[in-house]
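Here is the structure we will look at.
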Amino acid sequence: MVIGTDTTYIGNEIPGLKGKKVRIFAVLRGGLRPDADPDANGYYVDTDEKLARLGGVTAEDRIDAAPVRWDGGTSFVHVDPRAIDLECFAHLSKPSEQ
């Protein structure tokens, strides 16, 4: 299961978020590619079933996530970190990207 998972942000791209818990709402397929098209069918993947059909999360994806508040809820503000900047997907990065 990916959608709805809580994980830790371990990157440096989003100031103030490092080490904080975030909740995954969707995968932005190919979000790091220069030719990424947010309007394309299959770009915003918000179910685990769709994600499985598309082959899962890759190092080229971004993630639609929201910080988890102290009470377990999420912020209304969403962020789109690189998949490899989340602890649960860090294994997708190349050694030079860690």
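Residues that are loosely packed, with under 11 Cβ neighbours inside 10 Å and of a type in the set (D, E) within region 57-78 comprise just one, D71.
The residues of region 22-56 that are open to solvent by 30 Å² or more (accessible area, probe 1.4 Å), over 12 Å from the mean Cα position of the chain (by Cα) and in contact (Cβ under 8 Å) with a residue 40 or more places away in the chain, listed by number, are T47, D48. Residues of region 1-21 that are open to solvent by less than 20 Å² (accessible area, probe 1.4 Å) and either assigned to a loop (DSSP other than H, G, I, E, B) or over 18 Å from E87 (Cβ atoms) (or both): G11, L17. Restricting attention to region 31-55, the residues being within 24 Å of M1 (Cβ to Cβ) and not hydrophobic (A, V, I, L, M, F, W, C) number 12. The number of residues in region 56-87 being among the polar types (S, T, N, Q) and either in a helix (DSSP H, G or I) or closer than 15 Å to V2 by Cβ (or both) comes to 1.
Would you confirm whether or not region 23-39 contains a residue that is assigned to a strand (DSSP E or B) and small (G, A, S)?
Yes, region 23-39 contains a residue that is assigned to a strand (DSSP E or B) and small (G, A, S).
Filtering region 84-98 to residues that are open to solvent by 30 Å² or more (accessible area, probe 1.4 Å) and of a type in the set (S, T, Y) leaves only S96.
Only one of the numbered conditions (1) out of contact with any Ser or Thr (no Cβ under 7 Å at 6 or more places or on another chain); (2) surrounded by 13 or more Cβ atoms within 10 Å (Cβ to Cβ); (3) within 13 Å of F25 (Cβ to Cβ); (4) without any contact (Cβ under 8 Å) to a residue 60 or more places away in the chain is violated by P81, and that is (4).
The values are calculated or read from the model by the stated rules, or taken from the named source; none is laboratory data. In this text the structure is predicted, and so the values were computed from the model without any measurement. Counting neighbours? That spans all protein chains shown, and the Cβs are built from the backbone with ideal geometry, glycine included. For the accessible areas, the whole protein counts, side chains as well, though only heavy atoms, and no ligand, DNA or RNA atoms are used. Shrake-Rupley method; radii C 1.70, N 1.55, O 1.52, S 1.80 Å.
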